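Undergrad: The structure follows.
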Amino acid sequence: MGRPYVTENDAERARLKAFVAGLSDATIARSIGHGWTVGVGLAHLAFWDRLWLAKFEEWERTGVVRIPPVENFVNGINDGMLPWWQTISPAQIRYEVIAAAEAADSKAENLREALVQATSAPLPTDDRYAPNPGPSNRTLQLTGARAARPGS
């Protein structure tokens, strides 16, 4: 089975790197509303990439990932993490958003073939499902487009 998401993730990660490299500290601190800054948005992306990385690893170990319906918890997590994300320095935000993207994308690229094939299978009707390994569309998230990954 092919892995077209690898090429898409590589392109999106390159766009993310270029975007982040062009950000000044002042831009990272710029408010985008409701307590969020550009930096908070980037920290949010890194957080969700790290969460999906952990879920990929769980999936590899156990063969099953249990995630409650996203709409039941995503706002609570984001609201709870907001004060934390607001304290992260611009330098750390620049580092972490790229490091998290690289880690998640590397894991997705190197998943066992059986796990990749499972992502194209119909989702079960209960609260189990396998996360989709790509594409990430991180750069699109920054511009306000909908995310490809649930909960991000």
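Undergrad: How large is the Kirkwood hydrodynamic radius of the stretch 1-92, in angstrom, based on all distinct alpha carbon pairs? Present the calculation step by step, with values, prior to reporting the outcome.
TA: Working: mean 1/r = 0.0652 Å⁻¹.
Averaging 1/r across every pair of different Cα atoms and inverting gives 15.3 Å.
Undergrad: Follow-up question, since we're still on this one. Sketch the reach of a paramagnetic label on GLU57 as a point 7 Å from Cα along Cα-to-Cβ, and name the residues of the stretch 73-110 whose backbone nitrogen lies under 18 Å away.
TA: 96-110
Undergrad: Can you list the trypsin sites (Lys or Arg not before Pro) in the stretch 68-122 that are in a DSSP coil and have 15 or fewer other beta carbons within 10 angstrom? Write out the running numbers ahead of the final one.
TA: On the way: sites: ARG94, LYS107, ARG112; in loops: ARG112.
Within the stretch 68-122, the qualifying trypsin sites (Lys or Arg not before Pro) (loop, at most 15 other Cβ atoms within 10 Å) are ARG112.
Undergrad: If you take the beta carbon distance between TRP84 and ALA114 as r and set R0 to 41 Å, what does 1/(1 + (r/R0)^6) give as a FRET efficiency, to the nearest 0.05?
TA: Details: r = 36 Å, r/R0 = 0.88.
Rounded to the nearest 0.05, the efficiency is 0.70.
Values in this text are rule-based calculations from the coordinates and carry no lab data. Quick caveat, the model's predicted, so the values are computed rather than measured. Here the Cβ is made from the backbone with ideal geometry for all residues, glycine too, and neighbour counts use every protein chain on show.
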